[in-house]
Amino acid sequence: MRNMNNSIETNEDDFAALYENSFSDFESMEPGQSIETEIVSIAGDCIFLQLGGKSEGQLDTAELTDKDGNITVKEGDKIKVYFLSSQNGEMRFTTRISGDKAGKAVLENAFRNGIPVEGVVEKEIKGGYEIKIGDTRAFCPFSQMGQRRSEEPESYVGKHLTFKISEYGEDGRNILVSNRAILEEEQKNKIEELKKTMKENMVVKGTITKIQDFGAFVDIGGVQALLPVSEISRSRVEDINKVFTEGQEIEASIIKLDWPKERITLSLKALQSDPWDNAQSKYKRGSKHIGKVARVTNFGAFVSLEPGLDGLIHISELEGDSRDRNAGDMIKTGASLTVLINSIDTENRRISLKPVSSIQQDEDNKKYLEPESEVHNPFAALLKDKKS
């Protein structure tokens, strides 16, 4: 019985020692030391962090609040924090160094341990910007501000931004900082999160952030994706600016994910029905249709029968007084005309067309005015107005 009691007492002593050590491990932390911990609770201006046993650390709620005042974390979330100080048994942590926390010793620790620092862009100077971190001044080169070089460098002046100290010298009199390093790290974290859920062929929502001639850049959860102009529609897009505006929200399908290069390619066209699926039954050989000339080349003219489905009138099928004349002399882009289906090859997605003669087109216009018309003619209303 005594041995059993001794064993229990020994176990209790071991447990007590472990419990005490769990406190001492955190009590011996150096300023700037980082840990990954869990949020225990959120109360007013303070976030309480799990440190082991019943010990808790404290973090200002303002550090994890967005520009609208909303708290961006919840109980149970794991976050990375940096130790600041211990006063009256309270252990204070931060996600970044700013304001009155930014003494020389703290900034040096921030440099050695990679702790983010928060500063104000005071003014633009030669080669970059003067940054104020608490009462200390630092320098950020143009190349290290933002993810890419801004065409309006003065737009950063006055902003509160987060930086990483890349150089610390002369006892704090020479400090070099980088905002780009912070943004690149945030980008990597966002991509790691997206890797867990994002897959090819899934439909995502995004916002157009920038429009170029070759396509539109779309923000998806803080990561930039590209919507190429060729993937906007099944019909040819001549001017992308007539289709989209910056800030517009869209839904698109992911057609390619290249994580090593951090490239996401989107498509709107993939969400549209393919007109070639029913082309064989709709455009039979010998049938006549009204189309619009989409583009003219030196070997003929492409006529759009419907969005995403073009046929070719070979130059040999066009009427002309001379063999030296080109297709552009005989037919103009945007013109509407009646065409006959010569042949259709759905496997290779090719349709050969033949223009219906002007005499026959006049006959087609008359037929359109009759109840049992076989050819749809968009000019019929104009012809009717002229006759009346």
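Here are a few things to note about the model shown:
- Scoring Ser85 on the criteria (1) part of a helix (DSSP H, G or I); (2) at pLDDT below 85; (3) among the small types (Gly, Ala, Ser) leaves a single failure, condition (1).
- Of the residues making up the range 236-290, those that are over 30 Å from Lys196 (Cβ atoms), in a loop (DSSP other than H, G, I, E, B) and touching a residue at least 12 places away in the same chain (Cβ under 8 Å) number 8.
- Identification of strands (runs of 3 or more DSSP E) wholly contained in the range 142-216 with 1 or more residues that are of a type outside the set (A, V, I, L, M, F, W, C) and assigned by TED's automatic domain parsing to the domain that holds Thr265 yields 203-212.
- The listed residue being in contact with a Cys (Cβ under 7 Å, 6 or more places away or on another chain) and surrounded by fewer than 20 Cβ atoms within 10 Å (Cβ to Cβ), out of Thr72, Thr61: Thr61
- The range 208-242 - residue that is more than 18 Å from Lys256 (Cα to Cα) and among the hydroxyl-bearing types (Ser, Thr, Tyr) and, of those, surrounded by the fewest Cβ atoms within 10 Å (Cβ to Cβ): Thr209
The values are calculated or read from the model by the stated rules, or taken from the named source; none is laboratory data. Remember, predicted model here, so these are calculated numbers, not experimental data. Neighbour counts run over all protein chains shown; Cβ positions are idealised from the backbone, glycine included.
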